[in-house]
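The values are calculated or read from the model by the stated rules, or taken from the named source; none is laboratory data. None of these values were measured; they are calculated from a predicted model. Every residue, glycine among them, receives a Cβ derived from its backbone with ideal geometry; neighbour counts consider all protein chains shown.
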């Protein structure tokens, strides 16, 4: 069965349908990395997006329940060069095509993903339609520019929890302000004996503080941080009340709450091989990232310092406050998928929570 990806500029990429026979529309983005396709598909930060994977062979080690980052896939569709039909790995419980069919996720293979990635790099992230089966290409070319842009006021509610829940453990008590948190972040704190309290995105600072947390993680999530004004207000009201760690979208919300500004990147940072430099030590870490927005460095007030920068384009990858127990990173320190270079960020937060106030 044929499949098509039609971009808003009228460009058509043809392939073969391997997923559920349906269509979807959304923002078309590319992610770099040799592994981690299951984590990418289920990462809540990919909500509303059609994902192009740049590595040419996807599915060779299969899929399994342990690597899910959410209860279901959050990406809308998938585009690959070649899908492996017979995975080989001792943990594999399912092949890629069966997984896509079971979750009713449209996908195509046989696409020149190098050409598609270069197109998105040169033209920027685009809206598009992924269609499997019979399709009127001329009609799709007319419809693609009409695909509505992503809005955080729709995306975050789709990936947060509706009721607070607690993952029992000991001390300290870590509240996670859930804008689309990955399970790997929750697991990291669980494995270190913490009680983890997962709070919905509409929680106020008073709601969070009523749970008596020793520290609060402002989680990752999808979309534009400026589309989540209630999140900015919650973070602003938490400043100085309890230690805060921001990850990805949470990093951007902390910047906005502190008086900074954000902007949309041309094609974003998505993948597991992004070099980030820690300015205090000069060390370079290879990081996992998934975001389409960045912080304007010149918008930050004097009491906020930049701790990390992206070596590919110089964008802000980390910040901290000189007087308050607050710091954040744009990348994913839990490393799922990706290298574990930056797990020390989570440990640094845990040390801050248990050992007292950190001032730079």
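Here are the numbers for this structure:
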{"read-out": "Selection status of residue 86, assigned to a loop (DSSP other than H, G, I, E, B) and either exposed (fewer than 13 other Cβ atoms within 10 Å of the Cβ) or in contact with a helix residue (DSSP H, G or I) (Cβ under 7 Å, 6 or more places away or on another chain) (or both)", "value": "yes"}
{"read-out": "Qualifying residue in segment 309-322 (condition: closer than 23 Å to residue 153 by Cβ, in the same structural domain as residue 343 (by TED's automatic domain parsing) and in contact (Cβ under 8 Å) with a residue 12 or more places away in the chain)", "value": "no"}
{"read-out": "Residue that is nearest to residue 225 (Cα to Cα), among those in segment 141-161 that are modelled with pLDDT under 95 and part of a loop (DSSP other than H, G, I, E, B)", "value": "151"}
{"read-out": "Filter result for the condition that a residue is out of contact with any helix residue (DSSP H, G or I) (no Cβ under 6 Å at 6 or more places or on another chain) and closer than 30 Å to residue 34 by Cα, over 294, 336, 255", "value": "294"}
{"read-out": "Residue selected from segment 166-180 under the condition touching a helix residue (DSSP H, G or I) at 6+ places or on another chain (Cβ under 7 Å) and in a loop (DSSP other than H, G, I, E, B), by the criterion farthest from residue 237 (Cα to Cα)", "value": "169"}
{"read-out": "Residues located in segment 308-317, provided they are on the phi < 0 side of the Ramachandran plot and assigned to a loop (DSSP other than H, G, I, E, B)", "value": "311, 312, 313, 315"}
{"read-out": "Members of segment 251-301 that are without any contact (Cβ under 8 Å) to a residue 12 or more places away in the chain and either more than 24 Å from residue 334 (Cα to Cα) or assigned by TED's automatic domain parsing to the domain that holds residue 40 (or both)", "value": "298"}
{"read-out": "Matching entry among 320, 338 (being buried (at least 21 other Cβ atoms within 10 Å of the Cβ) and on the phi > 0 side of the Ramachandran plot)", "value": "338"}
{"read-out": "Selection within segment 107-126 - more than 16 Å from residue 9 (Cβ to Cβ) and part of a helix (DSSP H, G or I)", "value": "113, 114"}
{"read-out": "Pair list, Cβ under 6 Å, 6 or more apart: segment 327-352 residue over 19 Å from residue 305 (Cβ atoms), other residue modelled with pLDDT of 95 or more and assigned to a helix (DSSP H, G or I)", "value": "334/184; 334/185; 334/188; 336/39; 336/184; 337/39; 346/188"}
{"read-out": "Some residue of segment 36-57 being without any contact (Cβ under 8 Å) to a residue 40 or more places away in the chain and within 11 Å of residue 109 (Cβ to Cβ)", "value": "yes"}
{"read-out": "Single unsatisfied condition, residue 10 versus (1) out of contact with any strand residue (DSSP E or B) (no Cβ under 9 Å at 6 or more places or on another chain); (2) under 12 Å from residue 111 (Cβ atoms)", "value": "(2)"}
{"read-out": "Selection within segment 162-177 - farther than 18 Å from residue 227 by Cα and either touching a residue at least 40 places away in the same chain (Cβ under 8 Å) or surrounded by 14 or more Cβ atoms within 10 Å (Cβ to Cβ) (or both)", "value": "164, 167, 169, 171, 172, 173, 174, 175, 176"}
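For every residue, the table says whether it meets (1) in the same structural domain as residue 114 (by TED's automatic domain parsing); (2) in a helix (DSSP H, G or I); (3) more than 19 Å from residue 83 (Cα to Cα).
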| residue | (1), (2), (3) |
| --- | --- |
| 9 | yes, no, yes |
| 14 | yes, no, no |
| 21 | yes, no, no |
| 25 | yes, no, yes |
| 30 | yes, no, no |
| 40 | yes, yes, no |
| 50 | yes, no, no |
| 55 | yes, no, no |
| 60 | yes, no, no |
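The rows are residues; the columns are (1) in contact with a strand residue (DSSP E or B) (Cβ under 8 Å, 6 or more places away or on another chain); (2) more than 18 Å from residue 101 (Cβ to Cβ); (3) surrounded by fewer than 24 Cβ atoms within 10 Å (Cβ to Cβ).
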site: 4; (1), (2), (3): yes, yes, yes
site: 17; (1), (2), (3): yes, no, yes
site: 22; (1), (2), (3): yes, no, yes
site: 33; (1), (2), (3): yes, yes, yes
site: 41; (1), (2), (3): yes, no, no
